[in-house]
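The block underneath contains the structure these notes are about, expressed in structure tokens.
The values are calculated or read from the model by the stated rules, or taken from the named source; none is laboratory data. Quick caveat: nothing in here was measured; it's all calculated off a predicted structure. Cβ: placed from backbone, ideal geometry, glycine included. Neighbour counts: every protein chain shown.
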Amino acid sequence: MTDTTATSTTPAADPAGTSDRDWWRQAAVYQVYPRSFADIDGDGLGDIAGVTSRVPYLSALGVDAIWLSPFYPSELADGGYDVADYRDVDPKLGTLADFDALVAAAHGAGLKIIVDIVPNHTSDQHVWFQEALAAEPGSPARSRYIFRDGLGDDGDVPPSTWESNFGGSAWTRLTRPDGTPEQWYLHLFAPEQPDLDWSHPEVREDFHTTLRFWSDRGVDGFRVDVAHGLAKDLAEPLRDANPREFGLPIDGSDPLYDRDEVHTIFEGWRRVFDEYDPPRTAVAEAWVARERVSLYARPTELGQAFNFELTRAEFDGPAFRTIVESNLELAAQSGASSTWVLSNHDVVRHPTRYGLPATTDGDAFLLSGGTEPALDEATGLRRARAASLFMLALPGSAYVYQGEELGLFEVADIPADQLQDPVWIRTEHARKGRDGCRVPIPWDTSSPAFGFGEHVAHLPQPAWFADSAVSVEDGDPASTLTLYREALSLRHRLQRGEELAWTDSESADVVHFARHDGWHVVTNFGTAPVALPAGDVLLASGPLESDASGAPVLPGETTVWLSTD
Ligand code: NOJ
């Protein structure tokens, strides 16, 4: 094997990875979905005090930061991404004092805190939307949102063909108390999530206030929801959006998403982040063409953007390598570090994706999908462990979704009457939605709700969670929890520089790269064993074997970390 190509990302501003300003560049960030993490007050919903109670667990796991999905007051029309008040804690989840206690506990344990910010839309319960509902068409209160008259003689045709991401029209018509229909308002997601008009100066200013509010409370960074949606072309007549199956145009010409004007908004946010020392960080959720993701990550804007490509890729060596190469190049262009994501609260958990036939896996938003086709658990978990160990060795930030460290599968059989995701309703039950990856995680087998809380969890936990509870995996050398702990601990020691050098292998199924100081990472994406490259084994995602002659081999669907120093 010979070194052939070297992919170098941005010049490492912080080779040791320790300076506070650059903590995010190579951080392992653990995503907490607060309602499904730990329930201290026993109401069936996870809460902020629950997260605080688990800070020692997260610290021992070896992550660097906690990202909290929304915990703000919300009617939960979309799992908290319908925010009624951006500067408070949902009373169902606790208080601002609880939040301050969490920040103190996390910081005390050396963990950073990232909060989710949802700027594209508010909840319909937000005071601004309530004011808009009470106000007349054309009034200042309505101008913070996107209200339009309907088309057709009676105004009963939606103002445009735009569709909601959750299915159906993106427009909902209002009705006066006396039953008379009036204007329509835009919601790119659920009707309970009206879109803000970001050309309104008050909207822009208010989000600066929110960013300062949380930064002043010690928050270290922000995850920016639907970052690519804020700027819209609302010139009349409203023109059709790009058909989804063709993806977004890379010239920024779609009327709804990824418009060039959006970047001035984030330049303003950067000025706010830079008021702090160290500057607050941000990561964009922007489902846009690969070539344009890095625009959001420029140091003059959010600084980092999610790269979701691994959530959509088959378990395939060439596909993984291409994704890594191209994203490291793009990160280098923007000056950001790359990000890596295998699972989050919006996609099917990766052990399930990899255990389903490939043909069902083209869309990460296939969502829970039900119980057909049957899941091959052994294959799914073996591949997931290999993919995780591959990801955790890449330069850049690794985002780990709660329960991923336990090797949890998607809960695919939640009864229809207990599903919460608006996707289920709005697609008229064609898609089950994302609840299957949001079931409260199992902590121990001897407590109610698997240690999640004293009461039954808000989404039903399956009996098989008992096999993957923290208490069961803790101390088991073969468990996925042990694998993540060892990997994250080694990563702390090894993760330096932002370079990666590829080593060609005899088979395209074998992807091999080297980091600095003789750290080699080899994944066998195929099923047949291959010769194990030279080096001391640091960690492997599954048992290593020997061939008939006693020579060590790397089994199929396995990753190994080696040291050649
Ligand atoms: C992206 C979030 O990750 C998802 O959960 C949410 O439904 C939409 N944005 C709308 O806020």
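Being under 22 Å from P543 (Cα atoms) and crowded, with 20+ Cβ neighbours inside 10 Å is the filter here, so list the residues in segment 447-468 that pass it.
Result: S468, single match.
Hey, could you check segment 421-473 for residues that are assigned to a helix (DSSP H, G or I) and among the charged types (D, E, K, R) and say which is nearest to P191 (Cα to Cα)? Show your work before the answer.
Step one: of segment 421-473, the residues assigned to a helix (DSSP H, G or I) are 422-426, 435-437, 448-451, 463-468, 470-473.
Restricting the remaining residues to those that are among the charged types (D, E, K, R) gives 426, 435, 467, 473.
Values: R426: 10, D435: 19, D467: 39, E473: 42 Å.
Applying the filter and picking the extreme gives R426.
Within segment 281-296, can you find the residues that are part of a helix (DSSP H, G or I) and either touching a helix residue (DSSP H, G or I) at 6+ places or on another chain (Cβ under 6 Å) or among the aliphatic types (A, V, I, L, M) (or both)?
Passing the criteria: V293, S294, L295, Y296.
Would you pick out the residues in segment 197-223 that are of a type in the set (D, E, K, R) and either surrounded by fewer than 16 Cβ atoms within 10 Å (Cβ to Cβ) or more than 16 Å from the ligand (Cβ to nearest atom) (or both)?
Passing the criteria: D197, E202, R204, E205, D206, R212, D216, R217, D220.
So, in segment 140-192, of the ones that are among the hydroxyl-bearing types (S, T, Y) and assigned to a loop (DSSP other than H, G, I, E, B), which residue ends up nearest to H228 (Cα to Cα)? I'd like the intermediate steps shown before the answer.
From segment 140-192, those among the hydroxyl-bearing types (S, T, Y) are 143, 145, 160-161, 164, 169, 172, 175, 180, 185; that's our starting set.
Narrowing the set further to residues that are assigned to a loop (DSSP other than H, G, I, E, B) leaves 160-161, 164, 180.
Values: S160: 20, T161: 19, S164: 15, T180: 35 Å.
Once the filter is applied, the top-ranked residue is S164.
Could you go through segment 216-229 and let me know if any residue there is modelled with pLDDT under 95 and farther than 22 Å from S199 by Cα.
No, segment 216-229 contains no residue that is modelled with pLDDT under 95 and farther than 22 Å from S199 by Cα.
Looking at the structure I just gave you, is S53 small (G, A, S) and touching a Ser or Thr at 6+ places or on another chain (Cβ under 9 Å)?
On the way: small (G, A, S): yes; touching a Ser or Thr at 6+ places or on another chain (Cβ under 9 Å): no.
When the stated conditions are applied, S53 does not pass them.
Take the residues of segment 149-169 that are under 33 Å from the mean Cα position of the chain (by Cα) and more than 16 Å from the ligand (Cβ to nearest atom): which is farthest from V127 (Cα to Cα)?
Only one residue fits best here, namely T161.
Out of all the residues in segment 182-192, is one or more of a type outside the set (A, V, I, L, M, F, W, C) and exposed (fewer than 14 other Cβ atoms within 10 Å of the Cβ)? Walk me through how you get there before you give the answer.
Taking segment 182-192 as the starting set, the residues that turn out to be of a type outside the set (A, V, I, L, M, F, W, C) are 182-183, 185, 187, 191-192.
Applying the additional criterion that residues be exposed (fewer than 14 other Cβ atoms within 10 Å of the Cβ) yields none.
Taking every residue of segment 182-192 in turn, none turns out to be of a type outside the set (A, V, I, L, M, F, W, C) and exposed (fewer than 14 other Cβ atoms within 10 Å of the Cβ).
When you go through (1) under 26 Å from G80 (Cα atoms); (2) of a type in the set (S, T, N, Q); (3) not assigned by the TED database to the domain that holds G108 one by one for T161, which number turns out not to apply?
So T161 meets the others, but not (1).
P278 - would you say it is more than 25 Å from D233 (Cβ to Cβ), in a loop (DSSP other than H, G, I, E, B) and more than 13 Å from the chain's Cα centre (by Cα)?
So P278 fits the description; yes.
What number of residues within segment 224-239 satisfy the criterion of being more than 11 Å from the ligand (Cβ to nearest atom) and either in contact (Cβ under 8 Å) with a residue 12 or more places away in the chain or touching a Ser or Thr at 6+ places or on another chain (Cβ under 9 Å) (or both)? Step through it out loud before you land on a result.
Pass one, segment 224-239, residues more than 11 Å from the ligand (Cβ to nearest atom): 230-239.
Imposing the further condition that a residue be either in contact (Cβ under 8 Å) with a residue 12 or more places away in the chain or touching a Ser or Thr at 6+ places or on another chain (Cβ under 9 Å) (or both) reduces the set to 230-234, 237-239.
So the answer is 8.
Please go through segment 474-493 and give me each residue that is surrounded by 15 or more Cβ atoms within 10 Å (Cβ to Cβ) and in a helix (DSSP H, G or I), ordered by number.
T480, L481, T482, L483, Y484, R485, E486, A487, L488, L490, R491
For segment 60-102, which positions are closer than 30 Å to R485 by Cα, over 21 Å from the mean Cα position of the chain (by Cα) and of a type in the set (V, I, T)?
Residues satisfying the conditions do not exist here.
Can you name the residue in segment 140-176 that is polar (S, T, N, Q) and more than 19 Å from E205 (Cβ to Cβ) and, of all such residues, is surrounded by the fewest Cβ atoms within 10 Å (Cβ to Cβ)?
Ranking the qualifying residues of segment 140-176, first place goes to T175.
Say we look at segment 337-370 and pick out the residues that are at pLDDT 95 or above and aliphatic (A, V, I, L, M); which of these is farthest from the ligand (Cβ to nearest atom)?
For segment 337-370, the residue satisfying everything is L342.
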